[in-house]
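Chemist: Attaching a single structure in structure tokens format; questions to follow.
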Amino acid sequence: MANQPNPGQGREINLKTMAEQFIGGLQHHFDMLAFNLASREAATEEAYERHAQAPRIMPVALAHRNFEQMQAHARDLLFGQIVNDALNLSVNCMHNVHLFLSLVKARSEHGELSEEAQKEAQKRQQEFLQAPLDQKFNRLEEGYGIMCELEDTIVALGFAMQAIVQHGGIIQKPQLDEQQELKLELKEMSEGEVPADIWRQRDRLETVVKVFREGEKITFSDLELQKIILTVTAFAHQLFTAVFKYAQENQGA
């Protein structure tokens with residue numbers, strides 16, 4: 001537990017509460033995706049046209065898309081949203097835990113969380129917020145000894161989002177690694193396992209590799225979209241566990 005780096009404020013940051021709230025938020029995203037997938041599966045052409053015609057007027061009737069066109073468009077929007085949400089959630093998780101880490105480190109170095117120590121922690125946090133994604137991982141490792149096993153996949157999500165925004169989802173050279181691939185390692189549950197949650201069953205997760213190459217369009221199946229959220233959950237679990245260990249070792253818990 002550590003005080004927030006704002007002189008005069010007594011609010012504290014509790015790592016356990018932070019982790020529980022973050023994972024709970026991920027469950028909300030997971031449930032929303034399941035609901036959207038179920039809604040799309042149940043959609044019919046008749047229902048779509050009934051709703052489209054209900055006002056008896058359209059902005060531009062000649063540009064009205066038919067059911068099949070809207071199915072494809074909705075699918076593209078959904079997978080773009082999931083990739084973007086997964087990336088934002090991962091980065092926000094890193095930002096939150098780095099604030100906690102910087103406070104723990106400042107208190108360890110100064111013996112107490114004085115105003116000077118809080119200012120030092122705030123300076124580290126601002127530098128971290130402004131750093132590119134790959135450098136955030138470097139700062140976590142160099143400053144606190146924290147390794148993120150899913151670092152490459154989180155970075156790959158950033159490149160995937162870049163391809164979606166800049167090239168309509170088509171992979172270009174800037175998104176490729178040294179092997180000329182864009183590779184994501186997605187987490188899934190072992191076959192035959194009883195459904196549970198990652199918080200209790202992380203050691204039973206398996207990895208499935210999704211690879212894209214130059215000129216290919218990024219696509220994910222419905223199940224793979226769910227695996228993206230599960231992968232972010234596994235990433236957050238590993239990160240929070242490492243941060244808690246650091247806090248214990250530095251008397252910051």
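Nothing in this text is a laboratory measurement; each read-out follows from the coordinates by a stated rule. Quick caveat: nothing in here was measured; it's all calculated off a predicted structure. Note: ideal-geometry Cβ built from the backbone for every residue, glycine included; neighbour counts use all protein chains shown.
Chemist: What are the semi-axes of the equivalent ellipsoid of segment 104-179, taken as the square roots of 5 times the eigenvalues of the Cα gyration tensor, listed largest first and rounded to whole Å?
Modeler: 35, 14, 8
Chemist: With no solvent and one equal point scatterer per Cα, compute the Debye intensity ratio I(q)/I(0) for segment 2-144 at 0.08, 0.13, 0.15, 0.17 Å⁻¹ and report its log10, rounded to two decimals.
Modeler: -0.42, -0.73, -0.84, -0.98
Chemist: Amide H of G169 versus every other amide H placed in the peptide plane: which residues, excluding those fewer than 5 positions away on the same chain, fall under 5 Å?
Modeler: Under 5 Å from the amide H of G169: I164.
Chemist: Would you report the distance distribution of C-alpha pairs in segment 63-161 as whole percents per 10 angstrom bin, up to the bin with the largest distance?
Modeler: Histogramming segment 63-161 at 10 Å steps yields 14, 35, 22, 14, 9, 4, 1 percent.
Chemist: Please arrange T153, T241 by counting, for each residue, the other beta carbons lying within 10 Å of its beta carbon, fewest first.
Modeler: Ascending Cβ contact count within 10 Å gives the list T241, T153.
Chemist: Same structure again: Taking the beta-carbon count within 10 Å as an exposure proxy, list V243, V91 from fewest neighbours to most.
Modeler: V91, V243
Chemist: Right, something else. Could you tell me how far the Cα centroid of segment 87-155 sits from the Cα centroid of segment 213-253, in Å?
Modeler: 16
Chemist: To the nearest 20 Debye, how big is the dipole of the chain about its Cα centre, given +1 on the beta carbon of each Lys and Arg and -1 on that of each Asp and Glu?
Modeler: Around 580 debye, computed over the chain.
Chemist: Testing the spin-label approximation: label points 7 Å from Cα along Cα→Cβ at H110 and Q248. State their distance in nm.
Modeler: Label-label distance for H110 and Q248, simple model: 2.7 nm.
Chemist: Grab the alpha carbons of segment 115-253, take their convex hull, and tell me the volume per residue in Å³.
Modeler: It is 139 Å³ per residue.
Chemist: For the chain, what is the calculated [θ] at 222 nm in deg cm²/dmol (nearest 500), taking -39500 (n - 2.57) for each run of four or more DSSP H residues and dividing by its residue count?
Modeler: Dividing the helical sum by the residues of the chain leaves -21500 deg cm²/dmol.
Chemist: Which number comes out as Rg/Rh for the chain once both Rg and the Kirkwood Rh are worked out on C-alpha atoms?
Modeler: 1.06
Chemist: Within a 10 angstrom radius of the beta carbon, how do H28, H98 rank from fewest other beta carbons to most?
Modeler: Result, fewest neighbours first: H28, H98.
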